[in-house]
Amino acid sequence: MILLDTHIWLWWLHEPNQLSQAAQQAIQHEEPENGLLVSAISVWEVAVKSSIGKLVLPLPIDEWYPLAKTHSGIIIEPLSPIDAIVSTQLPDDFHKDPADRILVAIARRYQIPLVTCDAKILNYPHVKTIW
């Protein structure tokens, strides 16, 4: 199992050519094997960015999400209070974005890689990443 960062989920659904070779291979391998974890915080990020015009989806969000969540291999991970707490207690110095902190907490809890191209996450030594 792997955890997809929000932009990776969007790219995989709509612009797979944006993904690195390693990300594509990991997704193609894990999709039928163990599934692709997408956090509820990513759903929230998509909804927020869509509502303020920073993200254009091919359909209105309330039509897009039911299709996106049932795409092959997707497992939506509910927001856990434990992940919310742990996201405030990550080791060393990590940036303040709450969604990224929750994604890192989830990846650490499951001990799975987080697929991302976010340099702040890639440079954080306390989480496994794929890019």
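Just the number, please: carbon plus sulfur as a percent of the accessible area of the chain, 1.4 Å probe, no ligands or DNA/RNA counted. Please report the intermediate quantities before stating the final value.
Numbers: 3870 of 6990 Å².
Ligands and nucleic acids excluded, carbon and sulfur give 55 percent.
State the Cα centre-to-centre distance between the stretch 12-48 and the stretch 94-131 in whole Å.
What the calculation gives is 14 Å, centre to centre.
Give the average over all directions of the projected area of the C-alpha convex hull of the chain, one decimal, in nm². Write down the numbers at each step before the final one.
Working: hull surface 30.5 nm².
Value for the chain: 7.6 nm².
What Kirkwood hydrodynamic radius do you get for the stretch 32-76 when you take the inverse of the mean 1/r over all pairs of distinct Cα atoms, in Å?
Values: mean 1/r = 0.0895 Å⁻¹.
Mean inverse Cα-Cα distance, inverted, gives 11.2 Å.
Heavy atoms only, probe 1.4 angstrom, no DNA, RNA or ligands counted: give me Ile52, Ile112 ranked by accessible area, highest first. Display every interim value, and only then the final one.
Numbers: Ile52 105, Ile112 15 Å².
Highest to lowest solvent-accessible surface, that is Ile52, Ile112.
Using the Karplus curve 6.51 cos²θ - 1.76 cosθ + 1.60 with θ = phi - 60°, what ³J(HN,Hα) values do you get for each residue of the stretch 102-116, in whole Hz, with x for Gly and Pro?
After applying 6.51 cos²θ - 1.76 cosθ + 1.60, I find 5, 4, 4, 4, 5, 4, 5, 4, 7, 6, 10, x, 9, 8, 7 Hz.
Below 8 Å between Cα atoms, with a sequence gap of 6+, how large is the relative contact order for the stretch 1-113 in percent?
Numbers: 113 pairs, mean separation 35.8, N = 113.
About 32 percent, as a whole number.
How many Å² of accessible area per residue for the chain, probe 1.4 Å?
Working: 6990 Å² over 131 residues.
For the chain, the solvent-accessible area averages 53 Å² per residue.
Under 5 Å between amide H atoms, partner at least 5 residues away or on a different chain: which partners does Ile130 have, H built in plane at 1.01 Å?
Long-range HN contacts for Ile130: Leu114, Val115, Thr116.
Please get the size of the charge dipole for the stretch 78-131, origin at its Cα centre, with Cβ charges of +1 on Lys and Arg and -1 on Asp and Glu, quoted in debye to the nearest 20.
Working: 6 positive and 6 negative charges, 26 e Å.
Roughly 120 debye, rounded to the nearest 20.
Taking H as built 1.01 Å from N, whose amide H comes closer than 5 Å to the amide H of Asp97, not counting residues under 5 places away?
Here the answer is none, since no amide H 5 or more places off falls under 5 Å of that of Asp97.
When the dipole is taken about the Cα centre of the stretch 1-111, and only Lys, Arg (+1) and Asp, Glu (-1) are charged at their Cβ, what size is it in debye, to the nearest 20? Could you put the intermediate results ahead of the total?
Numbers: 7 positive and 14 negative charges, 35 e Å.
I would put it at about 160 debye.
What ³J(HN,Hα) values, in whole Hz, does the Karplus curve 6.51 cos²θ - 1.76 cosθ + 1.60 give for the stretch 56-67 when θ = phi - 60°, with x put for Gly and Pro?
Once θ is set to phi - 60°, the couplings for the stretch 56-67 become 9, 9, x, 9, x, 3, 6, 9, 5, 4, x, 6 Hz.
The values are calculated or read from the model by the stated rules, or taken from the named source; none is laboratory data. Everything numeric here is computed off the predicted structure, so don't read it as measured data. Please note: Cβ atoms are built from the backbone with ideal geometry, for glycine as well, and neighbour counts cover all protein chains shown. We work out accessible area using only protein heavy atoms, side chains counted, and drop any ligands, DNA or RNA first. Shrake-Rupley method; radii C 1.70, N 1.55, O 1.52, S 1.80 Å.
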